[in-house]
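Below: the structure, in structure tokens.
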Amino acid sequence: MSLSNLASIAVIVQGVFLVVSVILVWYQLKENTKLIRTANTQKLVELSSPFYLQIAQDRELAALWLQGAQRLEDLDVVDKERYFNLLTWWLMLHENIYHQWSKKLIEEDTFKSWTRDLEYFAQRQKLGRNWEMISSYFEASFAEHVKTIIVHLEKEVGAS
């Protein structure tokens, strides 16, 4: 075999290795993206769990969370502050979820599930009453997302 033939074979082998390398890098990126999405979903559970556990353990906090929206005018200054801190914390969690979804860091199904939670939250906490006041604390795109949910919920109630 001549040197010219060996050089031709080497070029062909390099081409094959290049294609295989590109395929492997693509596969690794795809798998890494799945792992990141899974880890982000797990982190959301880790972030929300203490909140739910605290409400389950503390009757006074549970009452504030359940009745805060209905009794807002009756709450003293401290309980109003506690209630709005709870609202803000839960909205910050949802803002994080929205941000991760917009960057494609969580799965669409995960986002839909959390969006249903946000809709329930907005309805139960009567978020529409106070949204104009607190919306400026959040990223503009998330604030618009919540506003869309509030408007949709208000239309559903009006149509009922």
Let me spell it out: the conditions are (1) at pLDDT 95 or above; (2) in contact with a Lys or Arg (Cβ under 6 Å, 6 or more places away or on another chain), and residue 69 meets all of them except one. Which number is the exception? (1)
Any chance segment 7-22 includes a residue that's surrounded by 10 or more Cβ atoms within 10 Å (Cβ to Cβ) and closer than 20 Å to residue 103 by Cβ? no
Looking at segment 38-59 only, could you name the residues that are farther than 26 Å from residue 131 by Cβ and open to solvent by 60 Å² or more (accessible area, probe 1.4 Å)? 38, 42, 43, 45, 46, 53, 56, 57, 59
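Only one of 34, 43, 30 is over 23 Å from residue 114 (Cα atoms) and within 25 Å of the chain's Cα centre (by Cα); which? Walk me through how you get there before you give the answer.
Values: 34 fails: over 23 Å from residue 114 (Cα atoms); 43 fails: over 23 Å from residue 114 (Cα atoms).
Being over 23 Å from residue 114 (Cα atoms) and within 25 Å of the chain's Cα centre (by Cα) holds for just one of 34, 43, 30, which is 30.
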Does residue 87 meet the test of being on the phi < 0 side of the Ramachandran plot, touching a Phe, Trp or Tyr at 6+ places or on another chain (Cβ under 8 Å), in a helix (DSSP H, G or I) and not acidic (Asp, Glu)? no
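Tally up the residues in segment 72-109 that are β-branched (Val, Ile, Thr) and crowded, with 18+ Cβ neighbours inside 10 Å, please. Reasoning before the result, please.
At the first step, the residues of segment 72-109 found to be β-branched (Val, Ile, Thr) are 77-78, 88, 97, 106.
Subsequent filtering for residues that are crowded, with 18+ Cβ neighbours inside 10 Å retains 97, 106.
Residues in segment 72-109 being β-branched (Val, Ile, Thr) and crowded, with 18+ Cβ neighbours inside 10 Å: 2 in total.
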Can you name the condition, by its number, that residue 60 falls short on among (1) under 23 Å from residue 142 (Cβ atoms); (2) part of a helix (DSSP H, G or I)? (1)
In segment 131-160, what count of residues is obtained for those that are farther than 18 Å from residue 86 by Cβ, in contact (Cβ under 8 Å) with a residue 40 or more places away in the chain and open to solvent by 60 Å² or more (accessible area, probe 1.4 Å)? 1
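Answer with yes or no whether residue 62 is in contact (Cβ under 8 Å) with a residue 12 or more places away in the chain and among the small types (Gly, Ala, Ser). Let's see the steps before the verdict.
On the way: in contact (Cβ under 8 Å) with a residue 12 or more places away in the chain: no; among the small types (Gly, Ala, Ser): yes.
For residue 62, the condition - in contact (Cβ under 8 Å) with a residue 12 or more places away in the chain and among the small types (Gly, Ala, Ser) - is not met.
The values are calculated or read from the model by the stated rules, or taken from the named source; none is laboratory data. As the structure is a computational prediction, the values presented were derived from the model and not from experiment. Using ideal geometry, Cβ is built from the backbone for each residue, glycine included, and neighbour counts are taken over all protein chains shown. Heads up: the accessible areas ignore ligands, DNA and RNA and are worked out on the full protein's heavy atoms, side chains in. Shrake-Rupley method; radii C 1.70, N 1.55, O 1.52, S 1.80 Å.
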